[in-house]
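Remarks on the structure that follows.
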Amino acid sequence: MLALAGAGLRGASAPTVLVATDLFKVKELKTPVLSPDGRWVAYVVKSFEPGPGGTREWTYGSSLWLAATDGATPPRQLTFGAAQDTSPAWDPRGRRIAFVRTVEKEKPQLFLLDLAAGGEARQLTHAATGATDPLWSPDGQRLLYTSSLTQAQVRAALEQAGKPAAPPWPDEKPGRKYGDTANWPVAEKGRADPAPTNPGGNRQEIRDWLARHEAAGDPRVINHLNFLDEADLKPELTFRQLFTIELREGAEPVALAPAYVDYTEPAWLADGRGVVCVGPRHFDQSPERQHFRSIYSITLADGATKTLLAERDCNYNEPTPSPDGQWLAYLLNPGGENSFVPPMVAVMPAGGGEPRILTPQLDRAAGGLRWAADSSGIYFTAPSRGHIPLYHVSLADAKVEAITKQHEWGIDAFDVAAHGLVEVVTHPGDPWELYAGSLDGGTTNLLTSHNVSWLKERRLSAYEPHSLVTKEGLTVDFWTLKPAAFDPARKYPLLVEIHGGPTAMWGPGEASTWFEMQYFAARGYAVVFSNPRGSGGYGQVFARANFRDWGEGPASDVLAAADFAAQQPFVDRQRQVVTGGSYGGYLTAWIVGHDHRFRAAIAQRGVYDLATFYGEGNAWFLLPKYWGGYPWEPEIRHHLDRDSPLTYVDDITTPLLIEHGDTDFRTGFVQSQILYKSLKQLGRPVEYVRYPHATHELSRSGDPQQRLDRLVRFDEFFRRYLGEN
């Protein structure tokens with residue numbers, strides 16, 4: 001087991017336990033990118049920064065940093081200021097870094113930092129629709145980037161280019177034809193009125209008058225299926241489009257293949273004459289009515305689009321050309337629309353030919369493909385049993401081997417070059433730090449101390465691994481943490497933590513709840529968390545084991561782990577509490593409706609009535625995936641009601657705090673209102689907490705003050721019922 005921060009220090013003051021405000025010391029490292037010669041790595045540091053005053057005591061910062069991969073010189077910060085800098089990309093000669101800069105309330109734009117010349121970064125784009133995800137062409141003469149356009153903006157671009165401007169699929173506005181009014185969302189932005197409007201005029205004038213109001217957002221008229229974004233309604237479809245811009249003064253962006261198509265995950269072909277990307281299976285159907293994606297190539301000269309991979313009942317992601325231009329690697333999801341088969345690494349000859357699956361037996365969800373510099377194999381990560389190792393698969397013999405030798409490590413991000421690799425690592429002693437290592441994983445060297453520097457003064461808790469076998473024969477992993485200031489003569493309350501998803505995976509190598517676990521251990525709780533059936537990181541059979549069973553089966557796994565933890569000599573089994581977020585909020589409510597062992601419970605941003613969830617949450621697609629249908633189908637409705645915690649609300653007597661964000665459109669905040677009102681009507685001990693402007697990401701990337709409030713509030717609520725002052 002790795003030594004935890006603060007352990008083994010001699011001649012220094014004794015480390016202390018974490019306190020709530022240590023949250024603001026945590027640095028998150030992201031997107032390591034090696035220079036072409038492998039000597040340097042650019043990366044992103046997301047941090048908490050003092051706010052401008054008033055009620056915003058803290059805000060987020062995001063800056064670019066540079067580290068030498070030999071560790072000979074300390075890392076240095078490259079960008080400064082209040083803007084959010086992300087997505088670094090080296091030019092092929094290793095002299096310049098393109099990146100994305102976002103200033104508050106403005107669209108993100110591409111900037112260029114010349115390391116040789118020094119000085120301030122130069123802005124490359126001024127795109128009204130923004131610019132993200134920069135990728136250098138192989139010759140270093142231009143950048144490929146992505147921009148998200150509304151349907152009206154795509155229409156305007158096509159009209160300006162003299163191309164047919166109507167989508168190729170039937171308009172979903174009943175009784176109307178697309179484009180039968182002026183393009184008001186674009187026309188209202190400083191252009192002359194393209195058409196007369198009059199509420200008492202002829203039909204065309206009336207329609208244009210109404211369309212003008214819609215363009216102003218009052219009212220918001222919706223005619224498409226997926227109209228919920230993360231924090232608000234999404235009245236209009238959006239399309240991610242590809243653009244290039246040359247690296248010369250005065251160059252204007254060029255749309256690569258303007259269309260009503262969502263192009264994602266682009267990559268340059270090795271010869272620089274085109275790109276590969278992911279797009280919808282059929283261009284003549286609404287993207288919202290399609291469930292399969294294909295891989296396409298787009299020629300730079302004329303925007304011609306060619307289908308490369310589109311096998312029936314298969315989905316594709318991450319097309320990645322090999323450095324020598326001979327191969328195309330990609331992720332393959334076979335098995336149909338709602339498949340539980342994890343993504344597999346596959347390749348095909350770049351010139352066309354028979355595809356080949358390289359990881360058919362791995363049974364783990366591969367991702368983050370990177371070719372070896374000599375095109376001999378592919379590196380990737382795949383969550384597995386609580387950690388996230390780095391793997392390598394050989395192109396010659398499809399041999400898969402785990403590169404990560406440290407059992408408790410999770411590789412959040414990585415990059416490879418000819419003579420080594422870099423990786424952002426999570427482990428129980430540190431949530432994020434950057435390491436350099438050999439390509440076989442035999443050696444690793446710590447390059448940064450963004451969190452090490454303050455964690456050396458803190459006493460942390462180790463993750464102790466356990467497992468159990470269910471009556472169905474499933475092996476469930478779980479972990480316990482002793483209180484940070486552990487005294488074997490004392491007994492401690494037990495906190496049961498439940499993850500979301502339901503396909504998430506927690507463990508020593510997972511970063512999102514690192515601080516929360518250590519905080520509650522520091523506050524004197526014994527902590528237990530598990531990966532119940534349905535969790536990621538355990539393969540296809542385990543992932544499908546909660547089909548039409550979100551409640552009883554997974555709850556039995558969680559409670560079995562809690563039973564084990566409660567039997568430990570340092571745990572006071574009469575003082576147990578439970579909490580979980582998202583699906584974990586659902587399962588918390590389910591458990592307290594069926595089991596009364598807990599002194600108190602906190603259900604966070606959960607789903608409590610599955611039939612309502614279909615209309616209220618933008619993650620509604622989980623219903624057909626896990627129950628095989630929709631609420632209006634009698635058999636499906638029976639299963640949904642059976643599995644809804646609200647069905648058992650009369651049996652909830654455990655004191656319950658319900659937390660939700662005001663603008664959480666992933667699960668839908670009405671879920672929490674229904675549960676709260678029901679319990680309040682029944683006279684049960686219940687409290688309801690709503691965070692203004694908060695989305696479903698409250699605990700991970702939400703407002704810093706709200707994230708702090710959440711942790712402290714949860715601790716206070718539990719202590720009311722644990723018999724502590």
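The values are calculated or read from the model by the stated rules, or taken from the named source; none is laboratory data. Fair warning: this is a prediction, and the values are worked out from it, not measured in the lab. Quick reminder, even Gly has a Cβ in these numbers, built from the backbone with ideal geometry, and neighbours come from all protein chains shown.
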Exercise for review: Within region 290-307, track down each residue that is in a loop (DSSP other than H, G, I, E, B) and under 14 Å from PRO334 (Cβ atoms).
Suggested key: HIS291, PHE292
Point to revise | Of residues in region 651-682 being under 28 Å from the mean Cα position of the chain (by Cα), among the hydroxyl-bearing types (Ser, Thr, Tyr) and not in a helix (DSSP H, G or I), the one surrounded by the fewest Cβ atoms within 10 Å (Cβ to Cβ) | key: THR663
Check your understanding: Which members of region 619-667 meet the condition of being more than 20 Å from SER582 (Cβ to Cβ) and of a type in the set (S, T, N, Q)?
Key -> THR653
Practice item. Of the conditions (1) within 29 Å of PRO74 (Cβ to Cβ); (2) touching a strand residue (DSSP E or B) at 6+ places or on another chain (Cβ under 9 Å); (3) surrounded by fewer than 21 Cβ atoms within 10 Å (Cβ to Cβ), HIS419 clears all except one; give me its number. Key: (2)
Check your understanding: Are any of the residues in region 121-142 without any contact (Cβ under 8 Å) to a residue 12 or more places away in the chain and either charged (D, E, K, R) or closer than 30 Å to LEU34 by Cβ (or both)?
Key -> yes
**Study point:** Subset of region 522-557 (residues that are under 25 Å from ARG573 (Cα atoms) and in a helix (DSSP H, G or I))
**Key:** ALA522, GLU552, GLY553, PRO554, ALA555, SER556, ASP557
**Study point:** Filter result for THR79 (among the β-branched types (Val, Ile, Thr), closer than 30 Å to ALA255 by Cβ and under 28 Å from the mean Cα position of the chain (by Cα))
**Key:** yes
Practice item. Kindly list the number of the only condition in (1) more than 17 Å from LYS27 (Cα to Cα); (2) modelled with pLDDT under 95 that fails for ARG96. Key: (2)
Exercise for review: May I ask you to list the residues in region 92-127 that are of a type in the set (Asp, Glu), in a loop (DSSP other than H, G, I, E, B) and over 27 Å from the mean Cα position of the chain (by Cα)?
Suggested key: GLU120
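Keeping to region 33-76, report how many residues are in a strand (DSSP E or B) and small (Gly, Ala, Ser).
9
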Check your understanding: Of the residues that sit in region 430-459 and are without any contact (Cβ under 8 Å) to a residue 60 or more places away in the chain and assigned to a loop (DSSP other than H, G, I, E, B), which one is farthest from ILE378 (Cα to Cα)?
Key -> SER449
Study note, to complete from the structure: Considering region 460-497, residues that are part of a loop (DSSP other than H, G, I, E, B) and of a type in the set (Gly, Ala, Ser), and then whichever is farthest from the chain's Cα centre (by Cα), we arrive at ALA489
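Yes/no matrix, rows are residues, columns are (1) in a strand (DSSP E or B); (2) in contact with a Gly (Cβ under 7 Å, 6 or more places away or on another chain):
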{"residue": "PRO235", "(1), (2)": "no, no"}
{"residue": "PHE239", "(1), (2)": "yes, no"}
{"residue": "ILE245", "(1), (2)": "yes, no"}
{"residue": "ALA251", "(1), (2)": "no, no"}
{"residue": "ALA259", "(1), (2)": "no, no"}
{"residue": "ASP262", "(1), (2)": "no, yes"}
{"residue": "PRO266", "(1), (2)": "yes, no"}
{"residue": "GLY279", "(1), (2)": "yes, no"}
{"residue": "PHE283", "(1), (2)": "no, no"}
Check your understanding: Of GLY94, GLY81, GLY118, which residue is of a type outside the set (A, V, I, L, M), crowded, with 16+ Cβ neighbours inside 10 Å and at positive phi?
Key -> GLY94
Practice item. Tell me, yes or no, whether region 512-523 has at least one residue that is more than 16 Å from PRO431 (Cβ to Cβ), assigned by TED's automatic domain parsing to the domain that holds GLU697, surrounded by fewer than 21 Cβ atoms within 10 Å (Cβ to Cβ) and not basic (Lys, Arg). Key: no
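Residues are listed down the side, and each one gets a yes or a no for (1) touching a Phe, Trp or Tyr at 6+ places or on another chain (Cβ under 7 Å); (2) at pLDDT 95 or above; (3) over 25 Å from LEU66 (Cα atoms):
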site	(1), (2), (3)
VAL347	yes, yes, yes
ARG364	no, yes, yes
SER376	no, yes, yes
PRO383	no, yes, yes
ILE403	yes, yes, no
TRP409	no, yes, no
ASP415	no, yes, no
GLY420	no, yes, no
VAL424	yes, yes, no
Practice item. Out of THR305, THR299, report the one residue that is in contact with a Gly (Cβ under 9 Å, 6 or more places away or on another chain), among the hydroxyl-bearing types (Ser, Thr, Tyr) and buried (at least 17 other Cβ atoms within 10 Å of the Cβ). Key: THR305
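Quick check, is SER449 within 24 Å of GLN518 (Cβ to Cβ) and surrounded by fewer than 16 Cβ atoms within 10 Å (Cβ to Cβ)?
Against the criterion (within 24 Å of GLN518 (Cβ to Cβ) and surrounded by fewer than 16 Cβ atoms within 10 Å (Cβ to Cβ)), SER449 does not qualify.
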Review point. Out of curiosity, is THR381 of a type outside the set (Gly, Ala, Ser), closer than 22 Å to ALA436 by Cβ, buried (at least 22 other Cβ atoms within 10 Å of the Cβ) and outside the structural domain of THR480 (by TED's automatic domain parsing)?
Key: yes
Review point. Just checking, how many residues over region 252-293 are surrounded by fewer than 20 Cβ atoms within 10 Å (Cβ to Cβ), without any contact (Cβ under 8 Å) to a residue 24 or more places away in the chain and in contact with a strand residue (DSSP E or B) (Cβ under 7 Å, 6 or more places away or on another chain)?
Key: 2
Study note, to complete from the structure: Inside region 398-409, the number of residues satisfying the requirement of being within 30 Å of PRO355 (Cα to Cα) and of a type outside the set (A, V, I, L, M) is 3
**Study point:** Filter result for the condition that a residue is modelled with pLDDT of 95 or more, of a type in the set (Asp, Glu) and within 25 Å of the chain's Cα centre (by Cα), over GLU265, GLU337, GLU288, GLU311
**Key:** GLU265
Practice item. Looking at (1) in a loop (DSSP other than H, G, I, E, B); (2) buried (at least 21 other Cβ atoms within 10 Å of the Cβ), find the lone condition where TYR391 falls short. Key: (1)
**Study point:** Options PRO634, PRO685, PRO692: the member that is over 23 Å from PHE529 (Cα atoms), surrounded by fewer than 16 Cβ atoms within 10 Å (Cβ to Cβ) and either acidic (Asp, Glu) or within 28 Å of the chain's Cα centre (by Cα) (or both)
**Key:** PRO692
